[in-house]
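The values are calculated or read from the model by the stated rules, or taken from the named source; none is laboratory data. Just so it is clear, the model here is predicted, and its values are computed rather than measured. Cβ atoms come from the backbone with ideal geometry, glycine included; neighbour counts cover every protein chain shown.
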Number of protein chains: 2
Amino acid sequence: MVVGLGPGPAKWLTPEASALLAEATDIVGYGPYVERVPPGPARRHASDNRVEIDRARHALALAAAGARVAVVSGGDPGVFAMAAAVFEAVESDEPAWRDLDITVAPGVTAVLAAAARVGAPLGHDFCVISLSDNLKPWSIIERRLAAAVAGDFVLAFYNPASRARPDPIARAFDLLRRQAGERIVILAKAVGRPDEEVLHTRLSVVRPEDVDMRALVLVGSSQTRLVERPGREPIVYSPRRWEG
Amino acid sequence: MVVGLGPGPAKWLTPEASALLAEATDIVGYGPYVERVPPGPARRHASDNRVEIDRARHALALAAAGARVAVVSGGDPGVFAMAAAVFEAVESDEPAWRDLDITVAPGVTAVLAAAARVGAPLGHDFCVISLSDNLKPWSIIERRLAAAVAGDFVLAFYNPASRARPDPIARAFDLLRRQAGERIVILAKAVGRPDEEVLHTRLSVVRPEDVDMRALVLVGSSQTRLVERPGREPIVYSPRRWEG
């Protein structure tokens with residue numbers, strides 16, 4: 001079972017995910033996600049970040065030996081998370097793993113929680129891009145950013161920065177400023193968690209140093225609007241109708 | 001409250017959505033979604049398709065008069081659903097509506113359920129596009145399709161066809177065949193519901209007549225892979241690592 005835990009709070013953990021976690025004999029995942037799993041008798045196998053393929057192999061080996069394993073990811077397991085790593089291991093490792101029953105339980109991914117928090121910025125077509133260049137060259141990220149601007153998509157960035165990689169978001173903002181001009185930007189950090197921080201800003205003034213590893217970054221299309229409200233946070237949304 | 005019901009089954013309705021629905025005095029939405037709301041004392045206001053802005057105004061007027069209103073959408077309310085319509089009405093209609101408390105409850109959107117059902121096709125960067133040309137000209141859809149191919153994104157199409165509009169998906173497949181060459185295609189209909197149908201196919205052979213209004217269409221990137229399994233449905237996934 002490859003299970004999405006949602007962005008953090010229990011209110012976004014689906015009943016399916018809860019039920020699968022309760023049935024598991026073994027929980028496998030990155031430490032902070034394993035800690036989010038509600039208490040229970042399952043054995044817990046927490047590992048460091050950046051060892052996704054080892055973690056996937058470990059889970060598949062446990063399952064092949066008869067365990068009922070839940071591999072856990074924050075958000076949705078198919079969006080820059082563990083599901084792809086599990087299927088990479090199924091394809092390239094033990095042939096017997098192809099005969100395992102594997103269920104993927106979808107979850108609320110970070111961009112949906114961030115969008116809901118500020119209004120409806122995804123109300124029109126959008127692209128979701130990981131800015132991590134651990135597993136792909138910067139050139140493909142640059143190509144995708146340019147394509148997304150050419151299509152006037154709303155953009156959502158996962159993995160915009162980390163201690164090991166402070167640069168990607170600065171380079172992405174520079175490229176977007178040159179190619180897209182002014183845009184509404186939302187920095188949505190830890191949405192739904194106690195340390196939540198949401199910043200409404202614009203491409204011309206956003207500072208890369210305000211982006212950290214907790215952030216989901218939304219960049220509006222040319223159509224995205226900000227509605228001011230007296231004494232309240234503004235609303236950001238992308239109209240359903242194209243006025244270009 | 002603007003509430004996402006997920007793709008259909010109760011297992012994908014978040015605890016937050018359940019709680020908000022239980023608190024509502026009034027449920028407003030497209031008929032089939034209102035029918036999905038668990039039984040309760042709330043007044044139900046079901047409306048036809050394609051009247052989103054009237055429905056949004058009705059909900060806001062009820063809320064301004066003191067009701068606790070839940071506007072319901074399938075999937076996530078921010079993805080081609082009611083949240084944008086509600087905020088359009090807030091911006092353009094009664095100024096007093098800007099002072100309402102509006103909460104958007106995210107949900108599992110169709111592309112996440114479809115992806116989980118077949119493996120991990122969204123394991124790399126992806127674009128989500130509505131093929132409905134009710135509210136935008138076909139030229140912007142074409143521009144976005146071309147941009148998405150230029151960026152070698154995985155593609156997810158919402159609203160690929162309806163009785164009133166059989167053509168968009170045929171035109172999209174034609175454009176993609178010319179510009180992208182061969183690609184893995186998944187037609188995922190009614191995922192998680194009793195009438196679920198999933199078809200694994202390819203761009204060179206997919207037939208537009210196999211796509212209907214229940215379908216979510218996934219088109220792989222150049223990197224997306226199909227893993228055969230003896231006696232089982234294949235797995236489709238997009239590797240995390242770029243091998244281009």
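Here's the yes/no breakdown for (1) assigned to a loop (DSSP other than H, G, I, E, B); (2) among the acidic types (Asp, Glu):
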position	(1), (2)
A:Glu142	no, yes
A:Leu155	no, no
A:Pro160	yes, no
A:Arg171	no, no
A:Ile235	no, no
Query raised in the report: Are any residues in the stretch A:146-168 more than 8 Å from chain B (Cβ to nearest Cβ) and within 21 Å of B:Pro121 (Cα to Cα), and if so, which ones?
Result: A:Val154, A:Leu155, A:Ala156, A:Phe157, A:Tyr158, A:Asn159
**Report entry** Among residues of the stretch B:94-117, those that are surrounded by fewer than 23 Cβ atoms within 10 Å (Cβ to Cβ), assigned to a helix (DSSP H, G or I) and of a type in the set (A, V, I, L, M, F, W, C), counted
**Finding:** 2
Report summary line: Taking the stretch B:8-24 and keeping only residues that are assigned to a loop (DSSP other than H, G, I, E, B) and either surrounded by fewer than 21 Cβ atoms within 10 Å (Cβ to Cβ) or in contact with a strand residue (DSSP E or B) (Cβ under 6 Å, 6 or more places away or on another chain) (or both), one is left with B:Pro9, B:Leu13, B:Ala24
Query raised in the report: Where residues in the stretch B:1-48 are farther than 22 Å from B:Gly192 by Cα and among the polar types (S, T, N, Q), which of them is nearest to the chain's Cα centre (by Cα)?
Result: B:Ser47
Query raised in the report: All but one of (1) of a type outside the set (Lys, Arg); (2) within 30 Å of B:Glu243 (Cα to Cα); (3) modelled with pLDDT of 95 or more hold for A:Thr201; which doesn't?
Result: (2)
Query - Matching residues in the stretch B:158-180 - criterion: being surrounded by 13 or more Cβ atoms within 10 Å (Cβ to Cβ) and of a type in the set (S, T, N, Q) - result: B:Asn159, B:Ser162
Query raised in the report: Looking at the stretch B:122-165, which of its residues are more than 23 Å from A:Ile140 (Cα to Cα), touching a residue at least 24 places away in the same chain (Cβ under 8 Å) and touching a Gly at 6+ places or on another chain (Cβ under 9 Å)?
Result: B:Tyr158
Report task. Mind listing just one residue for me: the one in the stretch A:130-145 that is touching a strand residue (DSSP E or B) at 6+ places or on another chain (Cβ under 6 Å) and at the interface with chain B (Cβ under 7 Å from one of its Cβ atoms) and, of those, surrounded by the fewest Cβ atoms within 10 Å (Cβ to Cβ)? Result -> A:Ser130
Query raised in the report: Does A:Arg183 satisfy the condition of being surrounded by 14 or more Cβ atoms within 10 Å (Cβ to Cβ), in contact with a helix residue (DSSP H, G or I) (Cβ under 8 Å, 6 or more places away or on another chain), charged (D, E, K, R) and closer than 28 Å to B:Val51 by Cα?
Result: no
Requested in this report: Output yes when any residue across the stretch B:198-217 is part of a strand (DSSP E or B) and over 20 Å from the mean Cα position of the chain (by Cα), and no when none is.
Outcome: yes
Report summary line: Restricted to the stretch B:68-121 and to residues being among the aromatic types (Phe, Trp, Tyr) and in contact (Cβ under 8 Å) with a residue 24 or more places away in the chain, the residue farthest from the other protein chains (Cβ to nearest Cβ) is B:Trp97
